[in-house]
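Okay, so here's the structure we're looking at.
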Amino acid sequence: MTEAHERPLAEAPALIERLFPVAKLSAESYKERNSGAAQRLTGVGKWWGRKPLVLVRASILGSLLPATDDPQKDVEVFERLLGIDDVSLHERSGLSTAQFTASSTEQRRKDSRPAESFEGPTDWASWMMINDHLGTNAFSLPELIEELGVRRFGTKVRVGDVFAGGGSVPFEAARLGCEVYASDLNPVAALLTWSNQALLCAAPADRKRIEAAQQWVYEEADRQITAWGIEHDEQGRRADAYLWCNEVLDPETGYVVPLSTTWVISARERVVAELVPDPLHRRYDIRVVTGASEAQMQQAKQGTVVAQHLVPPSTPDCPEPQRTLLSRLRARHDHGRGLRQWSKGDLTPAPSDFLQERLYCVRWTQDVREGRRVRSVKSYEAVTPADLERESKCLHLLRERLEVWQHQGCIPDQPIHVGNPRQAYLPGVRGWTHWHHLFTPRQLLIGGLLAEATEASAAAQELLGFAGKVADRGSKFCVWSKLTYTPTATFTSHVLAPVYNWSARGLRLYRSLSLPTSSMSSSALQVELCDARDVRTPCALWITDPPYAEAIPYEDLSEFFLAWYDRRLTHHFPGWYADPKRVLALQGKNAAFNTAMIEVYANLARHMPGNGLQIVMFTHRDVRLWADLAMVMWASGLKVTAAWTVATETENRATGANAVQSTVLLVLRKRGVVETLFDDEVLALMEGEVARQLEDMQRPRRSRAHVERR
């Protein structure tokens with residue numbers, strides 16, 4: 001091992017400043033992101049804009065590897081370490097030599113395991129090639145990372161991320177054996193970053209304890225729900241899904257109309273809901289038809305909500321009702337007073353509210369033994385008086401526990417931040433004023449029961465994040481999936497958009513939400529809740545993915561989850577807080593935002609050595625914002641030494657496109673001491689520097705073209 005005072009690579013340019021296999025990394029990043037729930041960190045909890053782990057690993061390796069006078073060998077070693085060369089791709093694919101040779105590059109990559117699961121070369125020949133080129137003596141990625149860190153910085157490299165978010169950078173840096181510092185202003189981000197490590201890199205004994213605790217939590221909840229009898233019918237069947245809709249009074253017909261954009265429940269099994277007028281009660285009965293005819297299927301596709309208009313079905317005395325804009329009906333409600341604002345104690349709508357809530361379909365399951373196998377038979381049925389009685393019992397049970405559970409932090413009791421225009425529509429279009437209004441009594445009862453059991457388990461701290469998964473998959477925003485025939489997540493996008501028809505899970509469907517565990521090797525990880533401007537921990541390599549141009553309102557979205565963590569978070573993590581720190585959050589794209597960003601990156605520059613590096617991952621479709629970002633970096637005392645564009649985003653399946661397709665990686669170093677300048681001088685110099693950097697970013701480097709051709 002090189003002595004600590006020897007730093008032969010101290011002044012050597014980093015490989016990422018000269019070469020970067022953009023095409024292959026784009027393909028691997030796309031494959032990783034396209035794997036959905038199979039991604040390593042996705043199962044731990046919901047976050048937006050997580051960067052692919054393979055890109056993080058490439059950034060760290062590229063920052064430590066030297067750029068030598070043999071760029072072709074540099075690339076060969078780099079790709080072998082990342083597992084994206086043909087030799088490693090063959091190993092990852094599991095194909096025979098003949099199959100691999102006969103297949104295309106696209107097919108090879110499609111058939112292979114994601115590069116994020118590659119643990120580094122395992123054969124002696126590869127490490128001989130790597131060590132011969134680098135002059136190292138390593139036989140694993142952590143060993144190589146440590147040796148390169150000592151050669152470049154005189155000590156084991158510490159990687160820092162002050163916008164940890166979903167935790168990709170800290171997790172992968174720790175997996176590579178680096179010392180890691182992670183911080184975020186947002187407590188949800190800090191919890192996810194901590195949980196990634198605690199769950200996926202658990203010691204074998206801890207993993208066994210966590211898995212046993214999860215099993216116990218489910219069994220305890222199952223025991224209680226079975227004893228209450230709120231999911232079983234008289235035949236012994238168990239419900240696993242509940243379909244709900246809003247109802248509204250149509251002033252023209254005088255009927256209370258159920259609201260839905262479609263009444264098709266299952267296209268595969270041809271299950272639909274039919275609205276049958278009930279002239280006596282001026283409402284509609286909802287029948288559930290299985291094995292519907294083609295005519296019934298076509299009719300069910302026509303919902304009672306079309307383009308935010310109420311489209312009532314015909315009635316005996318009004319065969320052709322008129323369409324009415326729902327917002328107009330809402331404004332006219334209660335003699336023009338509009339919506340009633342729900343009080344904290346409300347758990348269901350008041351009888352006079354504009355929107356009512358109606359359960360209209362229950363899916364029942366029954367286990368049937370066929371030889372040695374047990375098959376679950378599912379059936380969709382209309383709601384009966386017994387079903388309504390069970391819902392009433394859920395409400396009664398919840399009321400009995402509401403005060404205690406809210407005091408313990410098992411279910412939310414916080415008000416919605418109505419001062420924020422992004423969330424003002426929740427009270428504005430639904431009347432909801434507190435976070436628990438976003439859930440039905442059954443959803444709150446199950447969520448509270450699971451939280452209570454979690455707190456009594458042997459892994460209460462590690463399983464705290466489970467509350468976030470329960471909330472995300474169990475709210476009035478979870479629509480019925482036409483693909484999986486299960487309730488979707490609350491956040492199918494980063495907008496909390498209320499819907500008129502939603503679905504709720506029975507306990508059986510919550511079991512699939514269990515937190516993943518594994519015992520991957522990893523170094524220690526330091527996680528703090530901290531404003532990036534106040535960080536005092538020195539790091540040789542800062543890798544950050546900053547919030548920019550109001551792309552995603554993290555501080556707003558996290559309030560949904562914080563409502564479920566709240567007191568439990570501060571109990572398990574003393575010194576942390578359960579507040580999104582909205583006032584301190586970096587957001588926007590104005591002068592104040594840029595000033596705050598300068599403060600952040602100037603602070604990071606002060607807390608890195610003279611030969612340290614920073615990598616800023618910037619994802620936005622508006623290239624004009626690159627100029628702003630470059631100005632920020634320049635004013636922070638940094639200079640761009642390389643810029644690479646990597647495709648990291650998958651297409652939006654709903655629209656066929658995505659607002660953002662690529663991530664720009666800016667590689668930065670300290671630019672040295674600059675004399676004090678006045679504002680107009682700074683502006684002129686910054687504009688000139690930005691123009692030069694943008695021109696350089698848009699002009700392909702000779703070495704980059706070489707890498708792409710390979």
Count of region 169-193 residues which are outside any strand (DSSP E or B) and among the charged types (D, E, K, R): 2
Selection count, region 470-481, where residues are buried (at least 20 other Cβ atoms within 10 Å of the Cβ) and either of a type in the set (F, W, Y) or without any contact (Cβ under 8 Å) to a residue 24 or more places away in the chain (or both): 2
Within region 152-174, tally of residues that are of a type in the set (D, E, K, R), in contact with a helix residue (DSSP H, G or I) (Cβ under 8 Å, 6 or more places away or on another chain) and in contact (Cβ under 8 Å) with a residue 60 or more places away in the chain: 3
Out of T440, T484, T492, T454, sole residue that is more than 17 Å from E357 (Cα to Cα), crowded, with 23+ Cβ neighbours inside 10 Å and of a type in the set (S, T, Y): T454
Unique match (being among the hydrophobic types (A, V, I, L, M, F, W, C), open to solvent by 20 Å² or more (accessible area, probe 1.4 Å) and either on the phi > 0 side of the Ramachandran plot or at pLDDT 90 or above (or both)) among A38, A67: A67
Whichever residue in region 351-371 is surrounded by 12 or more Cβ atoms within 10 Å (Cβ to Cβ) and not in a strand (DSSP E or B) and, among such residues, is nearest to the chain's Cα centre (by Cα): L355
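A quick yes/no check of all residues on (1) at pLDDT below 95; (2) open to solvent by 10 Å² or more (accessible area, probe 1.4 Å); (3) not in a helix (DSSP H, G or I):
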site: A578; (1), (2), (3): yes, yes, yes
site: L584; (1), (2), (3): yes, yes, yes
site: Q587; (1), (2), (3): yes, yes, yes
site: N594; (1), (2), (3): yes, yes, no
site: E599; (1), (2), (3): yes, yes, no
site: N603; (1), (2), (3): no, no, no
site: M617; (1), (2), (3): yes, no, yes
site: R621; (1), (2), (3): yes, yes, yes
Every residue from region 210-232 that is in contact with a Lys or Arg (Cβ under 9 Å, 6 or more places away or on another chain), open to solvent by 20 Å² or more (accessible area, probe 1.4 Å) and touching a residue at least 12 places away in the same chain (Cβ under 8 Å): Y218, D222, W228, G229
Among residues of region 372-390, those that are in contact with a strand residue (DSSP E or B) (Cβ under 8 Å, 6 or more places away or on another chain) and open to solvent by 100 Å² or more (accessible area, probe 1.4 Å), counted: 1
Lone unmet requirement of (1) over 17 Å from C178 (Cβ atoms); (2) in a strand (DSSP E or B); (3) polar (S, T, N, Q) for S558: (2)
Subset of region 336-350 that is modelled with pLDDT of 95 or more and of a type in the set (A, V, I, L, M) - its residue that is most open to solvent (accessible area, probe 1.4 Å): A350
Candidate set: region 152-168, residues that are in a helix (DSSP H, G or I) and not hydrophobic (A, V, I, L, M, F, W, C); chosen: the one surrounded by the most Cβ atoms within 10 Å (Cβ to Cβ): S168
Wholly within region 3-87, helices (runs of 4 or more DSSP H) carrying at least 3 residues that are within 23 Å of S104 (Cα to Cα): 22-34, 71-82
Region 251-283: number of residues that are closer than 17 Å to E320 by Cβ and either out of contact with any Ser or Thr (no Cβ under 6 Å at 6 or more places or on another chain) or open to solvent by less than 30 Å² (accessible area, probe 1.4 Å) (or both): 8
Within region 218-309, strands (runs of 3 or more DSSP E) holding 3 or more residues that are touching a Leu at 6+ places or on another chain (Cβ under 9 Å): 238-249, 256-259, 283-290
Candidates L280, L243 - the one that is closer than 24 Å to E389 by Cβ and modelled with pLDDT of 95 or more: L243
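To keep it simple, each residue is scored yes or no on (1) in contact with a Pro (Cβ under 9 Å, 6 or more places away or on another chain); (2) closer than 19 Å to C178 by Cβ.
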{"position": "L19", "(1), (2)": "yes, no"}
{"position": "V22", "(1), (2)": "no, no"}
{"position": "P66", "(1), (2)": "yes, yes"}
{"position": "L81", "(1), (2)": "yes, yes"}
Cβ pairs under 6 Å, 6+ apart, first in region 71-95 and over 20 Å from E17 (Cα atoms) and touching a residue at least 12 places away in the same chain (Cβ under 8 Å), second crowded, with 22+ Cβ neighbours inside 10 Å and small (G, A, S): G83/A115; L89/S112; R92/S112; S93/S112
Failed item in (1) of a type in the set (A, V, I, L, M); (2) surrounded by fewer than 17 Cβ atoms within 10 Å (Cβ to Cβ); (3) at pLDDT 95 or above, with L445 passing the rest: (2)
Test: residue in region 70-86 that is in contact with a Phe, Trp or Tyr (Cβ under 6 Å, 6 or more places away or on another chain), under 29 Å from A540 (Cβ atoms) and either open to solvent by less than 60 Å² (accessible area, probe 1.4 Å) or of a type in the set (A, V, I, L, M) (or both): yes
Tabulated pairs, region 593-612, first among the polar types (S, T, N, Q), second in a helix (DSSP H, G or I), C-beta under 6 angstrom, 6+ apart or interchain: N594/V632; N603/R533
Failed item, numbered, when G149 is tested on (1) assigned to a loop (DSSP other than H, G, I, E, B); (2) closer than 23 Å to E11 by Cα; (3) in contact (Cβ under 8 Å) with a residue 24 or more places away in the chain; (4) among the small types (G, A, S): (1)
Selection count where residues are under 28 Å from P52 (Cα atoms) and either open to solvent by less than 20 Å² (accessible area, probe 1.4 Å) or of a type in the set (V, I, T) (or both), scope region 532-572: 24
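Residue by residue, here is whether (1) assigned to a helix (DSSP H, G or I); (2) surrounded by fewer than 14 Cβ atoms within 10 Å (Cβ to Cβ) holds:
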{"residue": "F100", "(1), (2)": "yes, no"}
{"residue": "E106", "(1), (2)": "yes, yes"}
{"residue": "K110", "(1), (2)": "yes, yes"}
{"residue": "G120", "(1), (2)": "no, no"}
{"residue": "S126", "(1), (2)": "yes, no"}
{"residue": "M129", "(1), (2)": "yes, no"}
{"residue": "T136", "(1), (2)": "no, no"}
Scan of region 284-309 for residues that are among the hydroxyl-bearing types (S, T, Y), within 16 Å of R358 (Cα to Cα) and either within 37 Å of the chain's Cα centre (by Cα) or open to solvent by 80 Å² or more (accessible area, probe 1.4 Å) (or both), ordered by number: T304
Test: residue in region 200-209 that is surrounded by fewer than 24 Cβ atoms within 10 Å (Cβ to Cβ) and either assigned to a loop (DSSP other than H, G, I, E, B) or touching a helix residue (DSSP H, G or I) at 6+ places or on another chain (Cβ under 6 Å) (or both): yes
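The values are calculated or read from the model by the stated rules, or taken from the named source; none is laboratory data. Given the structure is predicted, the values throughout are model-derived calculations rather than measurements. Counting neighbours? That spans all protein chains shown, and the Cβs are built from the backbone with ideal geometry, glycine included. We work out accessible area using only protein heavy atoms, side chains counted, and drop any ligands, DNA or RNA first. Shrake-Rupley method; radii C 1.70, N 1.55, O 1.52, S 1.80 Å.
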